[in-house]
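The values are calculated or read from the model by the stated rules, or taken from the named source; none is laboratory data. Values in this document were obtained by computation on a predicted structure and should not be read as measured data. Ideal geometry is used to build each Cβ from the backbone, glycine not excepted, and the neighbour counts take in all protein chains shown.
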Amino acid sequence: MTPVIALVGRPNVGKSTLFNQMTRSRDALVADFPGLTRDRKYGDGNYEGRRFIVIDTGGLTGDEAGLDAEMARQSMQAVEEADIVLFLVDGRSGLTAGDEMIADHLRRSGKPAHLVVNKTDGQDPDVAAADFYSLGFESVYQIAAAHNRGIRSMLEHLLGELPEEEEDRADKYPGIRIGVVGRPNVGKSTLVNRLLGEERVVVYDMPGTTRDSVYIPYERQGQEYTLIDTAGVRRRKNVREVVEKFSIIKTLKAIEDAHVVILVIDAREGLVDQDLHLIGFVLDAGRSLVIAVNKWDGMDPEEKDRVKEQVRRRLDFLDYADKHYISALHGSGVGLLYDSIGDCYESAMAKWSTNRLTAILQDAVAQHQPPMVRGRRIKLRYAHQGGSNPPVVVVHGNQTDALPGAYKRYLENTFRKVLKVNGSPIRFEFRSGE
Ligand code: GDP
Ligand code: GDP
């Protein structure tokens, strides 16, 4: 499972600074969904190849009333869903009443949290931290987020304590793992029911907890699948839970855990910014993607043309992903999704020989030479596969650091075309050895 790290603490203790350091240059996904506060940020980080999700929960002062209380409640919901909670305090200002109240919140939630004393630059870190020992946290980290100090060793400890990633998930959840994601009310639950309601689907027992998405293993036409249901359709008891059920953390985890992500878009609303943020996250995570534009029933022809044009225009960078116009309610177009899912899975898990990749590379280079740098031509010699889901192509040569972005895109397009990679991103790594 991809670990989720939640940052909590009073305003100005350095949460956003730490968030930015942990997620580096990646785009943050800002929670701007109906029913959720706006100031929570979600990003993904990578420490020595280990991926994790970070949430900057924002908005806890320890002394909430009214609207703040609602924000605090939602921050605590994020805390509930996190694997690791980092409670940040300001080593310059010393312990405050707000810190004590937040510590109390955390204690009552029963969630183990680590104390992180920030802004230890320019002072003795032990002295800065001493003030906070009275809060009674077992593990205390001393960092200076603004100077990127102490963060790596903190991550090493935190991630080292978690069980090793993934390996057994594949055994536990068989076949092609499909994540159905999208904004609230786009029709995810309806689609999940449709996908399972297809003829000859055999749903197995489903384990799972309310904290996580529901993982539903089943079989269809001899192929095993596991559907990752972020909407929790099989769990919903009443209408009041409709907004509650939406959770960005579940969505991000489902994306990480999937082979193929179906992003559901509401045709009545068209493509909105949050859809694009979600697409960005799917591609960052290296997952393959199928777009399902839902609620296609009862749309008038002009409206349909307008939506199609919008999808074509705004998703032109995604020309390798299939787009389906469906009605989850009536079932039209839903069966076709399975064809795209199959293609995507094959692309994501494909295995290519070094000979084949090297031949493609050499052809590409012969067609179109890389440029000269510092009086020498960049050389690309051979390629091998470095991984699957997403497929990774490792290219060896020299001066590869200087390879222009446009040339990398040319290589990606060429490999994509020759290898017929559909729906999945391809990741390239370049290595130089003289
Ligand atoms: P947030 O409100 O908790 O998200 O806090 P910010 O990340 O916005 O930081 C608040 C202020 O503290 C900013 O002016 C930061 O530059 C500053 N700050 C953050 N980390 C450090 C640090 O390690 N050392 C010092 N001296 N200042 C820091
Ligand atoms: P979720 O929040 O993404 O899980 O969305 P739901 O599946 O709960 O659907 C939200 C609303 O949209 C419900 O009222 C559904 O009946 C409706 N809905 C879902 N799919 C369709 C569709 O294909 N066509 C139409 N007209 N309505 C739909």
So, in segment 95-137, how many residues would count as being of a type outside the set (A, V, I, L, M) and within 21 Å of residue 52 (Cβ to Cβ)?
6
All but one of (1) over 16 Å from residue 415 (Cα atoms); (2) not in a helix (DSSP H, G or I) hold for residue 306, so report the exception by its number.
(2)
Contact list please: Cβ distance under 8 Å, first residue in segment 143-160 and within 10 Å of residue 17 (Cα to Cα), second residue among the β-branched types (Val, Ile, Thr) and crowded, with 18+ Cβ neighbours inside 10 Å, pairs at least six apart or on different chains.
144/120; 145/17; 145/151; 146/17
Looking only at strands (runs of 3 or more DSSP E) that lie completely in segment 322-434, which have at least 1 residues being over 26 Å from residue 180 (Cα atoms)?
379-387, 392-398, 427-432
With the requirement that a residue be hydrophobic (A, V, I, L, M, F, W, C) and at pLDDT below 90, what does segment 160-191 give you?
162, 170
Do we find a residue being touching a Gly at 6+ places or on another chain (Cβ under 7 Å), away from ligand 2 (no atom under 16 Å from the Cβ) and more than 24 Å from residue 416 (Cα to Cα) anywhere in segment 285-296?
no
Looking only at segment 217-250, which residues are among the hydroxyl-bearing types (Ser, Thr, Tyr), at pLDDT below 90 and more than 14 Å from ligand 2 (Cβ to nearest atom)?
218
Applying the selection to segment 117-134, what residues are in contact with a Leu (Cβ under 9 Å, 6 or more places away or on another chain) and of a type in the set (D, E, K, R)?
131
Checking 37, 23 in turn, the sole residue that is more than 16 Å from ligand 2 (Cβ to nearest atom) and at pLDDT 65 or above turns out to be 23
Is it fair to say residue 152 is of a type outside the set (Asp, Glu), more than 12 Å from ligand 1 (Cβ to nearest atom), in contact with a strand residue (DSSP E or B) (Cβ under 9 Å, 6 or more places away or on another chain) and closer than 27 Å to residue 47 by Cβ?
yes
Among the candidates 152, 92, which residue alone is under 29 Å from the mean Cα position of the chain (by Cα) and surrounded by fewer than 21 Cβ atoms within 10 Å (Cβ to Cβ)?
152
Taking segment 124-138 and keeping residues exposed (fewer than 14 other Cβ atoms within 10 Å of the Cβ) and on the phi < 0 side of the Ramachandran plot leaves 124, 126, 127, 133, 134, 138
